[in-house]
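As C-alpha cells, the structure follows; a few thoughts come after it.
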Amino acid sequence: PAVTSPCKILKCNSEFWAATSGSHHPGTEEAPEFCTALRAYAHCTRRTARTCRGDLAYHSAVHGIDDLMVQHNCSKDGPTSQPRLRTLPPGDSQERSDSPEICHYEKSFHKHSATPNYTHCGLFGDPHLRTFTDTFQTCKVQGAWPLIDNNYLNVQVTNTPVLPGSAATATSKLTIIFKSFQECVDQKVYQAEMDELPAAFADGSKNGGDKHGANSLKITEKVSGQHIEIQAKYIGTTIVVRQVGRYLTFAVRMPEEVVNAVEDRDSQGLYLCLRGCPLNQQIDFQTIRSAQATEGHARRKGPSLPAPPEAFTYETATAKCREKLPVEDLYFQSCVFDLLTTGDVNFMLAAYYAFEDVKMLHSNKDKLHLYERTQDLAPGNTAPLGTPLTLWVALLCLSQCWLGLL
C-alpha cells in the first residue's frame with residue numbers, strides 16, 4: 001500500500017497562502033485581516049503538530065508564523081478566518097524579470113575570482129547515492145536523513161521499505177528549504193511525497209517571493225506529476241526532482257563554494273551528499289552483486305527478503321537493464337540490483353533517469369560513468385572489476401620473490 005503522511009502542513013500552508021496572497025505587505029488597514037489569517041494558520045499547525053514532529057516544513061512554518069506575528073503586532077488571541085481564494089494582482093512579483101546583480105551567482109560571488117567549479121549529487125532507487133565527490137554508495141538509510149545542509153538550503157529525504165518487512169528502501173518524501181537571502185528570495189519550502197509532486201512551493205508560489213530578485217528562484221514543471229526543476233540562480237544551483245513509479249529521485253548541480261558554505265564544518269552534522277552514508281548504513285554492493293550473479297537473487301545480512309511481486313533472475317534483470325543502460329557502469333549495476341531486490345521495473349527507469357540527470361548536471365563529461373573499484377584501494381587507484389585486493393597483494397609478493405631468486 002502507498003505510504004501517506006498524516007502530517008497536514010502542506011494543507012495549512014496552502015490555506016494561508018489562499019487567504020493572504022493578495023496582501024504582500026499589509027498596511028494598517030489590512031493588518032487585522034492578515035492577523036486573523038495568521039491565527040488560523042497557527043491553529044492549523046497546532047492541530048497537526050503531533051504527526052509533524054520530524055517534518056522540516058512544519059518546523060519552518062511554526063518559526064515563520066512567530067516571526068510574522070511579531071512583525072505585524074498580531075495578538076495570538078482573537079478571531080480566526082476561513083481561507084478564501086484571492087487572485088494575484090497584475091504585475092505581481094511572479095512576473096518580474098529584472099533582478100539585482102547579487103541574485104546572479106556568477107556575477108556576484110565570483111566577480112573577482114575564477115569560474116566556479118560545479119559539483120553534482122544524486123539519490124535514486126534502493127537508494128543509491130552519488131556524492132559531490134563522485135563517490136557511489138548503496139545505502140539502507142531508512143527514515144529521515146539530511147542530504148544537504150549548508151548556509152543557503154537544507155534538503156531532507158525520507159526512505160521507506162519497498163515491501164513489508166523488506167530491507168529494500170526507496171525515497172517516499174523530499175523536503176527542500178531555501179533560506180532567505182539578502183534582497184533575492186524569502187525563505188521558501190518545497191515538499192514532495194509519493195503521488196504528489198507539486199509544481200509550486202508549499203505556500204503556492206512558484207518563485208522566491210516579494211523581494212526584488214524573486215525570479216532568481218523559480219520552479220518549472222517539465223512533466224506534470226513526474227518531473228520538476230528548480231533553478232536557484234542566486235546560488236548557481238539547479239535541482240531536479242522526479243517521481244518514477246511510486247518513488248522520488250533527486251539530483252542537484254551546485255557550486256563547490258556553496259556546497260562547503262557551512263558555519264562550522266568540523267561540528268556539522270551528517271550531510272549525505274557531502275560525507276556519504278555512515279558505514280553502518282552502507283551495503284556491500286560488490287558482495288551482494290556476486291551473490292546475485294551466482295544465486296539469481298540478492299541476499300542481505302539479516303532476515304531474508306520476501307519474494308518480490310515479479311521474479312527476476314540475474315540474467316533477465318541484466319537483459320532488462322541493458323535496454324536502457326547499455327554501458328555496464330554502476331548505474332547499470334544498480335538497476336540490476338534493484339530489479340532483483342524489488343521486482344519493480346520502475347527501478348530500471350529510476351536508474352536510467354538518474355543517469356540522464358547526470359548527463360545534464362555534471363560539469364565534467366569525462367566523469368559521467370562510474371565504475372566499481374576494489375573496495376580497499378585508495379581513490380584514483382583502480383583494479384579490474386571483481387578482482388580482490390588480496391589477490392593483487394599475493395601477485396605482487398610473488399613477483400618480488402621471483403626477482404629475488406633471479
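The values are calculated or read from the model by the stated rules, or taken from the named source; none is laboratory data. Predicted, not measured: the structure shown is a model, and the values here were computed from it. Backbone-built Cβ (ideal geometry, glycine too); neighbour counts: all protein chains shown. Remember, those area values only see protein heavy atoms, side chains included, never the ligands or the DNA or RNA. Shrake-Rupley method; radii C 1.70, N 1.55, O 1.52, S 1.80 Å.
Descriptive notes on the structure:
- Some residue of the range 275-287 being surrounded by fewer than 22 Cβ atoms within 10 Å (Cβ to Cβ), modelled with pLDDT under 90 and under 30 Å from E106 (Cβ atoms): yes
- In the range 41-60, the residues that are assigned to a helix (DSSP H, G or I) and basic (K, R): R46, R47, R50
- Selection status of T131, over 11 Å from the mean Cα position of the chain (by Cα), assigned by the TED database to the domain that holds I230 and modelled with pLDDT of 95 or more: yes
- Applying the criterion of at least 2 residues that are touching a residue at least 40 places away in the same chain (Cβ under 8 Å) and open to solvent by 10 Å² or more (accessible area, probe 1.4 Å) to the strands (runs of 3 or more DSSP E) found wholly in the range 135-254 leaves 136-138, 143-149, 153-161, 169-178, 188-193, 237-244.
- Failed criterion for V162 (all others in (1) closer than 23 Å to K359 by Cβ; (2) in contact with a Ser or Thr (Cβ under 7 Å, 6 or more places away or on another chain); (3) hydrophobic (A, V, I, L, M, F, W, C) hold): (1)
- All helices (runs of 4 or more DSSP H) inside the range 322-406 with 2 or more residues being at pLDDT 50 or above and open to solvent by 60 Å² or more (accessible area, probe 1.4 Å): 346-361
- The set of residues in the range 124-134 being farther than 14 Å from Y271 by Cα and either open to solvent by less than 20 Å² (accessible area, probe 1.4 Å) or outside any loop (DSSP other than H, G, I, E, B) (or both) consists of F124, G125, D126, P127, H128.
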